[in-house]
Amino acid sequence: MAEVQRTFVAIKPDGVERGLIGEVVNRFERRGLKIVGMKLLKVSREMAETHYGEHKGKPFYEGLVSYITSAPIVGMVLQGKDAVTLARNVIGATNPLNAAPGTIRGDLAIEIGRNLVHGSDSPESAKREIGIFFKDSELVNDWTRTVEKWIAE
Ligand code: DAT
Ligand code: MG
């Protein structure tokens, strides 16, 4: 049975710099995910280190932190049945070289260090990441979309 979940998605600095905010948001909207939080922000070094803590010590870590803090990102909280997996599928494989055509990375990116978008990898990661980027008061918790019944049974 599909579970209603929330996931944290971010358009990384390359997506914002390249003018792809609308393009990326559009793909999640069209798929049917509900946006319950969204903001443009500059990620601080502290936030980046918390968010990417699992990668500390890896060869690409410093480059990753410097990339994610280099220009604004757009952070989003998306909700829907199986939202975590669904969003990861819309985003595509971590390395755009292997990402399927039709995915964001497969259509719009060419290399791993500039892969445009982040998506939480599990409901637990989602909860942790949403907590880094959003206060509960910044999320819309009391909204039922009128189209909901045409998207999910
Ligand atoms: P994902 O973003 O698909 O969840 P991840 O959590 O494994 O992937 O890694 C986080 C980010 O770190 C990823 O989007 C790009 C960067 N990264 C991961 N592996 C890398 C590598 N081998 N070389 C360079 N950057 C890498
Ligand atoms: Mg990840």
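The values are calculated or read from the model by the stated rules, or taken from the named source; none is laboratory data. Bear in mind that the values here come from a model prediction, so they are computed numbers and not experimental data. For neighbour counting, all protein chains shown are included, and Cβ atoms are generated from backbone atoms with ideal geometry for every residue, glycine included. Side chains are part of the model used for accessible areas, which takes the heavy atoms of the whole protein and leaves out ligands, DNA and RNA. Shrake-Rupley method; radii C 1.70, N 1.55, O 1.52, S 1.80 Å.
Each residue in segment 125-135 was checked for being within 12 Å of ligand 2 (Cβ to nearest atom) and closer than 20 Å to Lys81 by Cβ, and 3 pass.
No other residue among Glu17, Glu23, Glu49 is open to solvent by 60 Å² or more (accessible area, probe 1.4 Å) and either under 12 Å from the mean Cα position of the chain (by Cα) or within 16 Å of ligand 1 (Cβ to nearest atom) (or both) apart from Glu49.
Filtering segment 93-105 to residues that are open to solvent by less than 100 Å² (accessible area, probe 1.4 Å) and more than 13 Å from ligand 2 (Cβ to nearest atom) leaves Pro96, Ala99, Ala100, Gly102, Thr103, Ile104.
Selection within segment 113-153: residues that are open to solvent by less than 40 Å² (accessible area, probe 1.4 Å) and part of a loop (DSSP other than H, G, I, E, B). The member of this set that is nearest to ligand 1 (Cβ to nearest atom) is Asn115. Of all residues in segment 124-147, those that are more than 22 Å from Lys12 (Cβ to Cβ) and touching a residue at least 24 places away in the same chain (Cβ under 8 Å) total 4.
Being in contact with a helix residue (DSSP H, G or I) (Cβ under 6 Å, 6 or more places away or on another chain), farther than 22 Å from Ile132 by Cβ and within 14 Å of ligand 2 (Cβ to nearest atom) is a condition met by no residue of segment 67-74.
Just one residue in the set Leu64, Leu78, Leu108 is open to solvent by 20 Å² or more (accessible area, probe 1.4 Å), of a type outside the set (D, E, K, R) and within 16 Å of ligand 2 (Cβ to nearest atom); that residue is Leu64.
Could you list, in sequence order, all residues of segment 1-54 that are assigned to a helix (DSSP H, G or I) and over 19 Å from Thr69 (Cα atoms)?
Scanning segment 1-54 gives Gly22, Glu23, Val24, Val25, Asn26, Arg27, Phe28, Glu29, Arg30, Arg31.
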